[in-house]
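Trainee: Quick one: the structure is below, and I'll ask about it shortly.
The values are calculated or read from the model by the stated rules, or taken from the named source; none is laboratory data. Here the structure is a predicted model, which means the values were calculated and not measured. For neighbour counting, all protein chains shown are included, and Cβ atoms are generated from backbone atoms with ideal geometry for every residue, glycine included.
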Amino acid sequence: MTKKALRNYYKEKRKALTTGEQSRLDDLLLIQFQQADIPFVETLFSYWPMASMREPDTHLFADFLEFRNPELRVAYPRITVDGNTMISVLTDDSTRFLQNGFGTYEPETGEILSPDTIDIIFVPLLCFDKKGYRVGYGKGYYDRYLAACNPDCIRVGFSYFEPIDEIPDKHEFDVPLSLCMTPQSIYVF
């Protein structure tokens, strides 16, 4: 299947999950994440999960990292005014989030962090393959952002489903994950 076909297939597959199933899968993903060999990190770049797309609850994983390091700095993405670039914005308990045109929540204001200061980044995906490549939503924001990150930055994906063998039409600029959690396994790339 092409990325486009995979994107459509996994969107439908996620939408078929009941709220109870999704909650159970999130709990299993959290258990896997807690068991992963994640070093001490100071700066996390997360994203607000889109309920309409039944994305894994990244707040659970961020909360776990904050439990391990109460001083953790947490940033979220914001699309620039021109719509071509994604930036990371440092947040705190008082940060106000607004919904953008894609239906995602972004921090309204905050300090912009350089990509090379990020220690770990949660990368959204619809599916992934056994080499760590992923199918996202097709805009390329994350691959462009990941290319600017420090090579040691840990790139983490969360999937309710096991990997496919290979994404046949990956692009030369696609950046693979470092690891991906599924409810059953931790995949390291």
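Here's the yes/no breakdown for (1) closer than 18 Å to Met50 by Cβ; (2) part of a strand (DSSP E or B); (3) modelled with pLDDT of 95 or more:
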site: Thr109; (1), (2), (3): no, no, no
site: Pro124; (1), (2), (3): yes, no, yes
site: Gly138; (1), (2), (3): yes, no, no
site: Asp143; (1), (2), (3): no, no, no
site: Gly157; (1), (2), (3): yes, yes, yes
site: Glu172; (1), (2), (3): no, no, no
site: Pro176; (1), (2), (3): no, no, yes
site: Cys180; (1), (2), (3): no, yes, yes
site: Pro183; (1), (2), (3): no, no, yes
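Trainee: Tally time: how many residues in segment 37-52 are within 23 Å of Leu17 (Cβ to Cβ), of a type outside the set (Phe, Trp, Tyr) and surrounded by 15 or more Cβ atoms within 10 Å (Cβ to Cβ)?
Mentor: Of the residues in segment 37-52, 3 are within 23 Å of Leu17 (Cβ to Cβ), of a type outside the set (Phe, Trp, Tyr) and surrounded by 15 or more Cβ atoms within 10 Å (Cβ to Cβ).
Trainee: Determine, yes or no, whether Pro49 is part of a loop (DSSP other than H, G, I, E, B), under 19 Å from Thr95 (Cα atoms) and in contact with an Asp or Glu (Cβ under 6 Å, 6 or more places away or on another chain).
Mentor: yes
Trainee: Only one of these conditions is not met by Leu113: (1) modelled with pLDDT under 95; (2) of a type outside the set (Phe, Trp, Tyr); (3) more than 12 Å from the chain's Cα centre (by Cα). Which number is it?
Mentor: The one condition Leu113 does not meet is (1).
Trainee: Given the options Glu66, Glu12, Glu71, name the one that is in a loop (DSSP other than H, G, I, E, B) and either under 20 Å from Tyr105 (Cα atoms) or free of Cβ contacts under 8 Å to residues at least 40 places away in the same chain (or both).
Mentor: After ruling out the rest, the residue left standing is Glu71.
Trainee: Can you name the condition, by its number, that Lys131 falls short on among (1) surrounded by fewer than 22 Cβ atoms within 10 Å (Cβ to Cβ); (2) free of Cβ contacts under 8 Å to residues at least 40 places away in the same chain; (3) outside any helix (DSSP H, G or I); (4) of a type outside the set (Gly, Ala, Ser)?
Mentor: (2)
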